[in-house]
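Engineer: Before we start, here is the structure in question, set down as structure tokens.
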Amino acid sequence: MDRREFLQTLSRYSLAAGAGVLLGKPLSLYGQQTSGPYDMTAVMGGEPAGMFDTGITALGGLGRFVKKGQVVLIKPNASWNVEPERGATTTPALVSRIVQRCVEAGAAKVYVVDHTIDNWKLAYSTTQIEKAAKEGGGQMLPGSSKGYFQEAAVPGAKNLKSVMVHEMVLEADVVINVPILKHHGSTTITCALKNLMGLVWDRWYYHSNDLHRCIAEFALLRVPSLNVVDAYTVMTSGGPRGSSHRSSLSVKKMQIISPDIVAVDAAAAATWGTDASSVRYINIADELGIGTKNLDNLRIKRIRV
Amino acid sequence: MSKQGYKAVKLLRIAVAGAILLLFYISISISQPLYNSILKNLTRLQFFPSLINVVFSGGSWLAAGFLPVTFFTLLVGRLYCSVLCPLGIVQDILIFSSGKKRHRKYRTSPSAARLHAAIASISLVGLLIGLPLLFGLLEPYAFWGRIYRDLVLPLAAGVSIGVVEVLRTVNIFWAPVQFRGEIAAVMMTLIAAVLFVWLTCRYGRWYCNRLCPTGAVLRLLSLRPIVRMEFDKELCTKCGVCAHVCPAGCIDVSAQRVEYNRCIVCFECTVHCPFDALSFTAFSHRKQRQPAPFAGDPDLGRRKALMLAVGSLGAAAVGGFGFSLRPLSAASPDSSVQDTPGLAVLPPGSQSKRRYTRRCVSCHTCVSVCPTHVLQPSFFALGVSGFLQPIMDYKTAYCEWECSRCTQICPTGALKPLSIPQKKLVQMGTVEFDQDRCVVFTDGTDCGACAEVCPTQAVRMVPYKNGLTQPHTETDICSGCGSCEYACPVDLPKAIFVVAHSRHQTRDERVPQQTSPTEDVPEEFPF
């Protein structure tokens, strides 16, 4: 898909989505067929890389999401210049394994990117995400160079009408979201929807224009094809950065995988110890029809390893 | 030594100088531990920065590169100026390229010892009394450092954007060189550099023998070097080739003598003399110790030089005494411990405004290596004495928590070297929160940008109302890193900001709540 073709597709979908929202019948936009055996898999008790293999197999295999010759963009949380043990960033072994499986599934290119909050070079190296991406056979993209960001209209958005987004979000065939579940001082938890904030240039805009709504509305631009929630080491307080004296980590050895970004956030909220309804951006995303926070309607495969 | 020998020595000089300059550029451009240590060792050999570091800032004697420089200058003259000084090497490159194109010939220039001594004295006295403004502008390493950060870096940033654009068409994704800074600093250095380039291309090593404070000191040290350029008056035909090729203009052909104290030991004369009348040799003929006066200009003889030196040092001593500088006591008590409203935040390791502004020569090395570009050159934010000295600019960046590069690299010790754990204990200022401007209160929506980035939790979110959270500050554990100020999404003035200490404090550290993660694998799936 070249850029022009993409933009045409985007504008068609934008119109469709806009119309859909206006008509009150939100559409499921990007490849969210529910043809697979399950809507979500949750794995517990193993190591992050192994749990991904178990979980994705139960979900119908990665081939359901990544086709031969496609360009894949992986968005981990690599935002902080802290070691992976601190539970602030995605487990590097998990990122590495996902990249590797994408390559094995025949992806033409696998890119990994995060517009980090701390200095990107330091964060990429300290979190070991850059090393993990390379080991898996992928390529780390610079996340903090404005030249790689493009303005894009967000169809159906009220606050985030347009956003400077990393160009690979618009160009990649498949986006895989790999957040880590954590406490967040202002949004209670940060997980899948919040992780996408690392694909935009202007974080300040979010914060000064109703943070929760902007977080939810970004998914109207592009919903990841797959979300893999790293809930192995969960920060239960002092998040999202964590500090030595006021954050606590809890080893839950869990992973949640689903194409439904709202559902994984709802499941993550329950895992963290709160109700999805108490997290405003999950509610907004649910109302916008980006996904469902009601896990009762989903076919969930729960696996203990 | 034969002609071939001099050619070889000249090539060696060029090779060493080229390698040193290349190392300077590479090590200042690549901010990694290995390159940082190369840069650090290179700056240790810079005469005045190392002198200030060891004598004024109480730096380690490992940094005392000025001692070997002094020794070698007494021995062989100002070799420093042609192989160690980056500004000198840059001049040689300019001279080489301009000479090739226009067949420029240099002329014997007057000694200008009085002018040079006067300028050097004024700048040195300024340094001693705590006004390093003129000294900082003229000191060659500082000048080179500013050229790098204000001209080379933005140029590289511009070029790299083009390179990145080309590479991305073939699916190679690189990040362009980052540059952030106010145009004023760039313009100032640009004007100075244009003038400098013009002077150098036209008059050769003019800067080194008129304006350079290091040059002035090395002139005194090289009045009678043990090994030096000498004429063989028998062989010399006074053809004048040597004077035409001498970039320092220090050869008087009619008197058949070289003014050693201006000679930068470049070996051009020895290489170009058609009659091999010039040689670099240990002088031994006692009879010829009083050379003829230098034509047309009062010669910088030993007596005069000593008088100039004594005069300068005397003035400096009086000045220094008058302003009661206590250079060796690093933490000399400040008269102004109170925080001055609106004071710029001082970089880590600066300790106090007074200590910092007296030792910083504005070489901007810290600015160049700062990973977040929070260090920016100031103008008069620190007063006249702090002209061009770097300050923390929290409007465009924040101080990276896991970093103390600026303190490690500072050539003069104006920033005292700190390990990362030591730097984490420094309190550069404290956080102040203005509730009336905060998004949570003005818009009634969640924000928390400040608390999110705070590395110490000196800002954290506590319950407010309607499920919202509001920032809560604890100044005793605040490091003043500016993360909150930078992250605050409110238009200026920000709702949360750092109030600078004019004298750095030590912040409190809280005892860790948890040493290792708790094992908490759920019995059942929680959903």
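Engineer: Out of B:LEU195, B:LEU199, I need the residue that is more than 12 Å from every other protein chain (Cβ to nearest Cβ), in a helix (DSSP H, G or I), over 19 Å from the mean Cα position of the chain (by Cα) and at pLDDT below 95. Which one?
Structural biologist: Values: B:LEU195 fails: at pLDDT below 95.
Matching residue, one of B:LEU195, B:LEU199: B:LEU199.
Engineer: What do you reckon, is A:GLY239 closer than 30 Å to B:PRO512 by Cβ and part of a loop (DSSP other than H, G, I, E, B)?
Structural biologist: yes
Engineer: Which helices (runs of 4 or more DSSP H) does segment A:108-210 wholly contain that include 2 or more residues that are within 13 Å of chain B (Cβ to nearest Cβ)?
Structural biologist: In segment A:108-210, the matching helices (runs of 4 or more DSSP H) lie at A:120-126, A:129-136, A:167-171, A:203-208.
Engineer: Looking at (1) over 28 Å from B:GLY349 (Cβ atoms); (2) within 13 Å of chain A (Cβ to nearest Cβ), which is the only condition B:LYS465 fails?
Structural biologist: Among (1) over 28 Å from B:GLY349 (Cβ atoms); (2) within 13 Å of chain A (Cβ to nearest Cβ), the lone unmet condition for B:LYS465 is (2).
Engineer: Just a yes or no: is a residue in segment A:258-265 in a strand (DSSP E or B), more than 7 Å from every other protein chain (Cβ to nearest Cβ) and at pLDDT 95 or above?
Structural biologist: yes
Engineer: On the basis of being in contact (Cβ under 8 Å) with a residue 12 or more places away in the chain and not in a helix (DSSP H, G or I), does B:SER109 make the cut?
Structural biologist: When the stated conditions are applied, B:SER109 passes them.
Engineer: Then there's this: Going by the conditions given, is B:CYS454 touching a residue at least 12 places away in the same chain (Cβ under 8 Å), surrounded by fewer than 23 Cβ atoms within 10 Å (Cβ to Cβ), under 14 Å from B:CYS484 (Cα atoms) and within 14 Å of chain A (Cβ to nearest Cβ)?
Structural biologist: no
Matching residues to (1) at pLDDT 95 or above; (2) buried (at least 24 other Cβ atoms within 10 Å of the Cβ); (3) touching a helix residue (DSSP H, G or I) at 6+ places or on another chain (Cβ under 9 Å); (4) more than 22 Å from A:ALA266 (Cβ to Cβ):
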{"residue": "A:MET51", "(1), (2), (3), (4)": "yes, yes, yes, no"}
{"residue": "A:GLY69", "(1), (2), (3), (4)": "yes, no, no, yes"}
{"residue": "A:ASN77", "(1), (2), (3), (4)": "yes, yes, yes, no"}
{"residue": "A:GLN100", "(1), (2), (3), (4)": "yes, no, yes, yes"}
{"residue": "A:ILE129", "(1), (2), (3), (4)": "yes, yes, yes, yes"}
{"residue": "A:LYS134", "(1), (2), (3), (4)": "yes, no, yes, yes"}
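Engineer: Let me ask another. Given the structure, is A:GLY45 within 12 Å of another protein chain (Cβ to nearest Cβ) and either more than 27 Å from B:CYS450 (Cα to Cα) or crowded, with 24+ Cβ neighbours inside 10 Å (or both)?
Structural biologist: Yes.
Engineer: Given segment B:410-521, what helices (runs of 4 or more DSSP H) lie entirely inside it while holding 2 or more residues that are over 30 Å from B:PRO49 (Cα atoms)?
Structural biologist: Here the list reads B:439-442, B:449-453, B:483-487.
Engineer: Answer yes if at least one residue in segment A:223-235 is of a type outside the set (A, V, I, L, M, F, W, C), within 9 Å of another protein chain (Cβ to nearest Cβ) and under 29 Å from B:CYS438 (Cβ atoms), and no otherwise. Working first, answer last.
Structural biologist: From segment A:223-235, those of a type outside the set (A, V, I, L, M, F, W, C) are A:224-225, A:227, A:230, A:232-233; that's our starting set.
Cutting the leftovers down to within 9 Å of another protein chain (Cβ to nearest Cβ) gives us A:233.
Adding the requirement that they be under 29 Å from B:CYS438 (Cβ atoms) leaves none.
Taking every residue of segment A:223-235 in turn, none turns out to be of a type outside the set (A, V, I, L, M, F, W, C), within 9 Å of another protein chain (Cβ to nearest Cβ) and under 29 Å from B:CYS438 (Cβ atoms).
Engineer: Taking the criterion of being touching a strand residue (DSSP E or B) at 6+ places or on another chain (Cβ under 6 Å) and within 8 Å of chain B (Cβ to nearest Cβ), would at least one residue in segment A:278-296 satisfy it?
Structural biologist: There is no residue in segment A:278-296 that is touching a strand residue (DSSP E or B) at 6+ places or on another chain (Cβ under 6 Å) and within 8 Å of chain B (Cβ to nearest Cβ).
Engineer: Does B:ARG507 meet the test of being touching a strand residue (DSSP E or B) at 6+ places or on another chain (Cβ under 9 Å) and either more than 10 Å from chain A (Cβ to nearest Cβ) or aliphatic (A, V, I, L, M) (or both)?
Structural biologist: Yes: the conditions hold for B:ARG507.
Engineer: To continue, here is another question. If you take just the helices (runs of 4 or more DSSP H) that sit entirely in segment B:1-82, which of them hold at least 2 residues that are polar (S, T, N, Q)?
Structural biologist: B:3-29, B:33-44, B:66-76
The values are calculated or read from the model by the stated rules, or taken from the named source; none is laboratory data. Keep in mind that this is a model prediction, so the values were computed, not measured. Note that each Cβ is placed from the backbone with ideal geometry, even for glycine, and that neighbours are counted across all protein chains shown.
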